[in-house]
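Q: Attaching a single structure in structure tokens format; questions to follow.
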Amino acid sequence: MTTDTDESLLGITLETFLLEGMMAARARGRLTSLLNQITLAAKIITGRVRRAGLARALGYTGEINVQGEAVQKLDVFANDTLVASLRRRGHCRGIASEELDQPVTFEEATGDYLVLTDPLDGSSNIDVDISIGTIFGVLRCEPGPGRVPDEAFLQPATELEAAGYVIYGSSTILVLTTGASVHGFTWDPISGEFFLSHENIRCPADGNTYSINEGNAPAWPEAVRHWNAALKAEPSSTLRYVGSLVADAHRTLLRGGIFAYPADTKNPGGKLRLLYEAAPLAKIFEAAGGRASTGRGPISSIQPDSLHQRVPLVLGSRQRVEAYERAMQAR
């Protein structure tokens, strides 16, 4: 006899996975609770993203953020949702966000965690319905209460206790690591839960897909142009570029290949944010067997010197990223 029961409803939820599986070795209920608060925020954000047009949530606010970028209405909503969710329970002492000039400190909190986040990556693509996402990292700090100094957020990727992203696309998927492994969970809107759908993700050691904005080619250093030309000459090479970091990174993580956003004459120090984008993604890719680099060395080795520091970013299959590094060193 067959039934119409959705098999996902018999699967493992993210909350169960955190409580019984991934976190068992650390036995830190506070981190599990904090990750559940991030998950709650992701559920709220995905609901707003999916009805953005109906809820009049599309378009710009008319403001410019600390990055010099026009602020979307959904940027504000996502940031406010994460702040409100993480304020609860007292495990998170503060948040540093791409959207905020200075971190938010929860002075009443007594926990020992900090959160780094890009609340809505790729927000310039919202109005044309391209996949966007939330990127986050979790750090340890001295337990509260009281104000958290900015310096507490300036820790390298190696110090991240957890990192993840949520991609709001044809489905909503949350990818998470605490360092030892990487797992993906897909949102089921009927049950209101994230279910384990991608167990023990491994980034392929190689891949023929490359992802780079070739519109920036005139501003690239000679070494990048030479590498790109050589890659395009390979018969099996395929260009895939969405223009939303979380979407390009997600495809590269699952299918292999390489994503590159090098420094150029317009952004000599790189364009992507170290704390809010590069470091969390580096944690994920390295835990999945891939590599994350500036093109000259590992992202994880960088000691941040400012909250909104920018870096070049190269992610993907280990063989491809190492080949990129060799190409940069050769010129």
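Only the coordinates and a few stated rules stand behind these numbers; no lab work does. Predicted model only: the values in this text are computed from it and were never measured. Heads up, the Cβs are rebuilt from the backbone with ideal geometry, glycines too, and the neighbour counts pull from every protein chain shown.
Q: What relative contact order, as a whole-number percentage, does the stretch 209-329 give when Cα pairs under 8 Å and 6 or more residues apart are counted?
A: Over the stretch 209-329, the number comes to 29 percent.
Q: Let me ask something additional. From the Cα trace of the stretch 80-209, what convex hull volume per residue do you get, rounded to a whole Å³? Before the final figure, lay out the partial values.
A: On the way: hull volume 19.6 nm³, N = 130.
So the per-residue hull volume is 151 Å³.
Q: While we're here: Mind giving me the FRET efficiency for residue 236 and residue 181? R0 is 22 Å, r the Cβ-Cβ distance, nearest 0.05 is fine.
A: On the way: r = 30 Å, r/R0 = 1.34.
That pair, residue 236 with residue 181, gives E of 0.15.
Q: Once the convex hull of the C-alpha atoms of the stretch 221-264 is built, how many Å³ does it hold per residue, rounded to a whole number?
A: Convex hull of Cα atoms, per residue: 73 Å³.
Q: Let me ask another. How large is the Rg to Rh ratio of the stretch 209-329 when both quantities use alpha carbon positions and Rh follows Kirkwood?
A: 0.93
Q: Continuing with the same structure: At 30 angstrom or more along the helix axis (alpha-carbon based) and mean Kyte-Doolittle of -1.0 or higher, what helices does the chain contain? Whole DSSP H runs only.
A: 29-50
Q: Still on this model: If R0 is 30 Å, what FRET efficiency do you get for residue 200 and residue 125 from their C-beta distance, rounded to 0.05?
A: 0.50
Q: If you don't mind, another one. Pulled fully out, how much extra length does the chain show between residue 266 and residue 214, if you take 0.36 nm times their separation in residues and subtract their Cα-Cα distance? Provide the component values of the computation, followed by the final result.
A: Numbers: separation 52, 0.36 × 52 = 18.72 nm, distance 1.40 nm.
The span from residue 266 to residue 214 would gain 17.3 nm if fully extended.
Q: While we're looking at this one, here's another question. How high is the relative contact order of the chain, in percent, with contacts defined as C-alpha pairs under 8 Å that are six or more residues apart?
A: 15 percent
Q: Another question, if that's okay. How far apart, in nm, are two points set 7 Å out from the Cα along the Cα-to-Cβ line at residue 15 and at residue 107?
A: Between residue 15 and residue 107, the simple spin-label model gives 3.3 nm.
Q: I've got another one for you. Is the chain rounded, prolate or oblate when judged by the Cα gyration tensor, a ≥ b ≥ c being the square roots of its eigenvalues, rounded requiring a/c under 1.5 and prolate requiring a/b larger than b/c? Don't skip to the answer; put the middle values down first.
A: On the way: a/c = 1.44, a/b = 1.25, b/c = 1.15.
The shape class here is rounded.
Q: Now a separate question. On a full-extension model of 0.36 nm per residue, what is the gain between residue 147 and residue 226, subtracting their alpha-carbon distance, rounded to one decimal in nm?
A: Using 0.36 nm per residue and subtracting the Cα-Cα distance, I get 23.6 nm.
Q: If you take the charge dipole of the stretch 189-331 about its Cα centre, with +1 on Lys and Arg Cβ and -1 on Asp and Glu Cβ, which of 196, 210, 327 is farthest toward its positive end?
A: Among 196, 210, 327, the one farthest towards the positive end of the dipole of the stretch 189-331 is 327.
Q: Please report the antiparallel percentage of DSSP beta bridges with both residues in the stretch 75-164, rounded to the nearest 5.
A: Details: 12 of 17 bridges.
Antiparallel bridges: around 70 percent, rounded to the nearest 5.
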